[in-house]
Amino acid sequence: MRSVFTAGVLDAFLVSGYNPFDIYISVSSGAMCLAYYLSGQYKMVHRMMIELSKDSNFMSASQVFSEQGYMNLEYLEEYSQKNYPLDIDAALKTTDGKECYMVATNLESGEAKYLQPNKKNFLACLRATATLPFVTKGNCEVDGIKLMDGGWSDPIPGKSAVAFGATKLIAIRTVPVGYKIDWSYAGWMASYWHGDNEKLSNQFANDHLFYNEGVDYLNDNPDHIEIHQIAPDQELHTGGYSISSESLLQDYHLGLEKGLDFLRKIREE
């Protein structure tokens with residue numbers, strides 16, 4: 001739910017007509033924000049999150065041990081397509097001749113899988129990059145491969161963007177620039193849960209290391225490219241799975257502000 005900040009930044013880009021990108025890479029719920037940015041649908045994510053934060057069909061503690069998990073991604077897809085339908089054709093038109101990736105994690109190997117959405121698999125890619133153990137259904141199949149949230153394998157894909165050819169990078173973060181993780185309870189639980197798969201179990205156990213490596217890459221800039229990070233100055237009001245519409249609204253407005261500040265800065269340079 002913290003990606004409401006990301007939605008705010010991208011809405012600032014959208015209303016300002018700012019889209020100089022050749023490569024797009026998104027992870028987890030950030031992929032939904034990117035999708036609506038690519039389709040040119042202003043404020044859709046923000047409105048949807050506010051409504052869903054009050055909807056127990058989408059998010060409920062009573063569902064934690066159900067097949068769907070705490071957050072029901074299938075309900076999210078049905079709800080969004082009924083009330084806030086994503087214009088997939090417009091999104092694909094925006095990325096025509098460019099590269100667009102949604103990061104997922106291969107459930108067999110634990111390695112990152114960079115999905116390239118098309119008209120047929122677009123919604124499946126969105127599900128795959130955001131599906132988590134315990135929190136959501138736990139896995140999603142795309143092109144015959146079982147996948148889950150890309151945050152477990154490449155949570156901050158700055159280095160991957162450079163590998164795909166990027167020479168300038170704008171990273172939208174939902175935590176302060178220097179934020180790192182010492183240990184992950186969710187990673188430890190998932191490691192135990194998938195103990196029968198050594199590669200995957202190790203991937204979960206070391207998820208904090210992968211995250212911190214991504215942070216270091218952006219901050220240290222070892223490839224000496226142009227890197228900009230748009231991030232809150234302090235932790236957002238919204239928790240990872242907050243149901244407060246007030247906090248979502250505050251963080252969305254902060255994203256808008258940070259996005260506009262960034263655009264003002266680069267235009268002055």
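The values are calculated or read from the model by the stated rules, or taken from the named source; none is laboratory data. On a predicted model such as this, the values are computed, not experimentally measured, just so you know. Neighbour counts are summed over all protein chains in view; Cβ atoms, including those assigned to glycine, are modelled from backbone coordinates with ideal geometry. Accessible surface is based on the protein model in full, side chains and every heavy atom, while ligands, DNA and RNA are left aside. Shrake-Rupley method; radii C 1.70, N 1.55, O 1.52, S 1.80 Å.
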Taking every DSSP bridge whose two residues both lie in the chain, the antiparallel percent to the nearest 5 is 50 percent
Taking a probe of 1.4 Å and leaving out DNA, RNA and ligands, the chain shows per residue an accessible area in Å² of 50 Å²
Taking a crude spin-label model, label points 7 Å out from Cα along the C-beta direction, the Glu141 to Ala90 distance in nm is 3.3 nm
Sorted on mean Cβ neighbours within 10 Å (highest first), peptides 21-28, 166-173, 50-57 come out as 21-28, 166-173, 50-57
note: region 202-252, Cα-Cα separations exceeding 12 Å make up a percent value of 74 percent
Between Lys168 and residues 5 or more places away or on another chain, the pairs with built amide H atoms under 5 Å apart involve none
Amide H neighbours of Leu147 at under 5 Å, excluding residues fewer than 5 places away on the same chain, with H built from the backbone geometry, are Leu107, Cys140, Glu141, Val142
Output row, site Arg47, 7 Å Cα→C-beta label point, backbone N cut-off 18 Å, window region 229-269, residues 245-246, 248-250, 252-253, 256
With the 8 Å Cα cutoff and a minimum separation of six or more residues, the chain has a relative contact order in percent of 26 percent
In the chain the accessible area split gives carbon plus sulfur, as whole percent at 1.4 Å, a share of 48 percent
Taking only the Cα positions of the chain, the convex hull volume per residue in Å³ is 124 Å³
Going residue by residue through region 93-105, the Karplus relation 6.51 cos²θ - 1.76 cosθ + 1.60 with θ = phi - 60° gives ³J(HN,Hα) values, rounded to whole Hz and with x marking Gly or Pro, of 5, 5, 8, 4, x, 10, 10, 9, 10, 10, 7, 10, 10
If every Lys and Arg gets +1 and every Asp and Glu gets -1 at its Cβ, then about the Cα centre the chain yields a dipole, in debye to the nearest 20, of 520 debye
Asserting the computed 222 nm helical MRE of the chain (DSSP H runs at least 4 long, -39500 (n - 2.57) per run, divided by residue count, to nearest 500) equals -13000 deg cm²/dmol
